[in-house]
Each structure stands twice: as structure tokens, then as C-alpha cells.
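In what follows, a structure is listed as C-alpha cells, so that the remarks can point back to it.
Since every read-out is calculated from the coordinates, none of them should be taken as a lab result. Remember, predicted model here, so these are calculated numbers, not experimental data. We place every Cβ from the backbone using ideal geometry, glycine too, and count neighbours over all the protein chains shown.
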Amino acid sequence: MKISLKKTWASVGTSGLIIAVLWGNLIYMNLRSDDTLLEGWQDYEAARFEELMATGEPILVEVYASWCPTCLLQHKAFETLVEQGNAPRIHAIRVDYEEDTDFTQKHQLLGTGMLLIFENGKEKTRAAGLITAEKIAGFLSDY
């Protein structure tokens with residue numbers, strides 16, 4: 001018995017194809033490894049964060065998870081900024097949303113893909129969903 005793939009895909013239809021693509025993306029996002037930290041960035045460590053907070057200098061915090069599509073796009077946008085010579089010129093820390101729960105709970109972070117700025121020991125501003133180099137550069141324009 002010969003099975004025609006063309007007929008099989010035709011019988012699955014558009015909705016079946018969409019479901020297959022969505023499941024494939026979901027599996028990929030849950031199995032992919034963390035993006036490599038960019039030069040100058042640090043993984044969150046409570047003691048180091050407190051040291052930086054005590055300096056009063058601005059700190060960029062990215063709330064990150066490897067399975068987060070927004071985080072993937074943010075990472076690519078940050079890579080673009082680095083390639084353009086416009087990398088953030090402030091301390092940059094990546095908080096793991098699932099691992100660094102002390103930080104996420106303390107700062108009432110309910111999701112990933114967040115960028116926060118701390119200055120003079122306090123949170124100054126935050127934004128969610130900034131996924132282009134231009135929007136991130138705008139968010140960081142005062143730093």
C-alpha cells in the first residue's frame with residue numbers, strides 16, 4: 001500500500017498544519033538552551049546586585065527565560081545593539097525568571113520579557129515586550 005504525502009497533508013488541512021507548527025515551536029522553546037550572556041552582562045547574584053545597588057549607579061535588569069519568545073527577540077535585539085556599537089553602557093544583569101524567585105517576588109514580577117532600570121538603590125522604571133533594537137535603545141536613551 002502506497003501512501004501519498006501530498007494527500008495526507010491535504011487531509012490534515014490548514015488547521016492541522018497550524019497546530020503542528022505551534023506544537024513544534026512550543027517544543028523548541030521549552031528545549032532550547034539559554035542564550036549566551038553578552039559581553040559585560042552578569043547573571044543575577046543577590047550579593048552582587050546589592051553591591052551594585054549601593055553604588056547608586058544605574059543597573060539594567062532583564063527578566064529572562066529560555067522558553068520565552070519575547071526574551072529570545074530581546075536577546076537578538078541586544079545582539080544587534082552590540083553589533084552596531086550601541087551596547088548598554090550601564091551594568092546589565094540577567095535574572096532567571098524560574099531560578100531567581102527571590103528577586104522576582106521582591107519586585108513583583110509576574111512574567112518574563114521585562115526590562116527594569118534601578119538607580120540610586122531604587123527601581124526607576126520598567127518596560128515589557130521591547131523586542132527591537134530601536135525600542136530598547138529608546139528605553140535606555142537616558143543611560
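General remarks:
- Of all residues in the stretch 95-113 being in a loop (DSSP other than H, G, I, E, B) and aliphatic (A, V, I, L, M), the one that is surrounded by the most Cβ atoms within 10 Å (Cβ to Cβ): Leu109
- Filtered residues of the stretch 85-94 (kept if surrounded by 14 or more Cβ atoms within 10 Å (Cβ to Cβ) and in a loop (DSSP other than H, G, I, E, B)): Asn86, Ala87, Pro88, Ile90
- Residue list for the stretch 114-136, filter: assigned to a helix (DSSP H, G or I) and without any contact (Cβ under 8 Å) to a residue 12 or more places away in the chain: Glu134
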